[in-house]
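The values are calculated or read from the model by the stated rules, or taken from the named source; none is laboratory data. Being a predicted model, the structure only gives us computed values, none of them experimental. Neighbour counts are summed over all protein chains in view; Cβ atoms, including those assigned to glycine, are modelled from backbone coordinates with ideal geometry.
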Amino acid sequence: MAGATWTGRHGTLDAVADDIARTLGRELGLAGTPATMTLPPESAGVPAGSLLPPRERFSGIPAPTHGFIYADGQQPRPFELRVSIMSGRNGFRRALGMGTLVYAVPLTTSGSARVALRGAVFQGDPRAMDRLNADKALLDKVNALAPAAAAPSGIHRWEVERMVALEPMSQGTVLMLRTLHRVTPSGWTLRSGAVLELAAHLEAALR
């Protein structure tokens, strides 16, 4: 578990949810915090009606899933986030840590066919694929946000399947993105600002 761990009386899903809500509010410059809820490990990982896909049965992270935190934000634009919370140990103490983050961000552009990252480029609908792959700055952002692996320590290495896709849904096109938190000098980040910035860049590229 890298960077974001909770132990002792703070090692509960409710405490983690509060920290995630505060972090989202701070990263996005919000006056308040997005609504969050906790979900048990045997659940689908999302509430009914969510844009997010059900949780993966195999996370790629060598730790048991303790539960999920779901966040529903409306500012500065609508988005949903599912955070997988893993259980393990921090030294001799039981601890909770952050696993994968999956974002769903509705886009203002529409499309009838799926476009998804394959390797380092997009594949799918020819028109959308050509526009996205022609934008090097966009591809750099995508590849920075969608790691294939992470090494939180010299001993452990997580293999996480990449997912960046534009999914046509009844509500319109939705950006689906799987990422990991990042450790910063002051703590850790959910990378929410970068994800919403990417959504705006995708919209601009597809207009």
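Some points to look at:
- Among (1) within 23 Å of Val164 (Cβ to Cβ); (2) at pLDDT 95 or above - the single one Ala21 does not satisfy: (1)
- Met176 being at pLDDT 95 or above and closer than 30 Å to Asp18 by Cβ: yes
- Scanning the stretch 13-29 for residues that are buried (at least 16 other Cβ atoms within 10 Å of the Cβ) and hydrophobic (A, V, I, L, M, F, W, C) gives Leu13, Val16, Ala17, Ile20, Ala21, Leu24, Leu28.
- Total residues in the stretch 110-134 satisfying the condition of being surrounded by fewer than 16 Cβ atoms within 10 Å (Cβ to Cβ) and either in contact (Cβ under 8 Å) with a residue 60 or more places away in the chain or in a loop (DSSP other than H, G, I, E, B) (or both): the figure is 7.
- Filtered residues of the stretch 104-128 (kept if more than 13 Å from Ala204 (Cα to Cα), among the aliphatic types (A, V, I, L, M) and either within 22 Å of the chain's Cα centre (by Cα) or at pLDDT 95 or above (or both)): Ala104, Val105, Val115, Ala116, Leu117, Ala120, Val121
- Residues that are out of contact with any Gly (no Cβ under 7 Å at 6 or more places or on another chain), in a helix (DSSP H, G or I) and touching a residue at least 60 places away in the same chain (Cβ under 8 Å), drawn from the stretch 1-23: Gly8, Val16, Ile20, Thr23
- In the stretch 185-207, of all residues being without any contact (Cβ under 8 Å) to a residue 24 or more places away in the chain and either touching a helix residue (DSSP H, G or I) at 6+ places or on another chain (Cβ under 7 Å) or not in a helix (DSSP H, G or I) (or both), the one that is surrounded by the most Cβ atoms within 10 Å (Cβ to Cβ) corresponds to Ser186.
- In the stretch 24-41, the residue that is nearest to Gly193 (Cα to Cα) out of those that are under 16 Å from the mean Cα position of the chain (by Cα) and assigned to a helix (DSSP H, G or I) is Glu27.
- For first residues located in the stretch 76-101 and modelled with pLDDT under 95, partners that are hydroxyl-bearing (Ser, Thr, Tyr) and not in a strand (DSSP E or B) and lie 6+ apart or on another chain with Cβ distances below 8 Å form the pairs Ser84/Ser59; Met86/Ser59; Leu96/Thr12; Gly99/Ser59; Thr100/Ser59.
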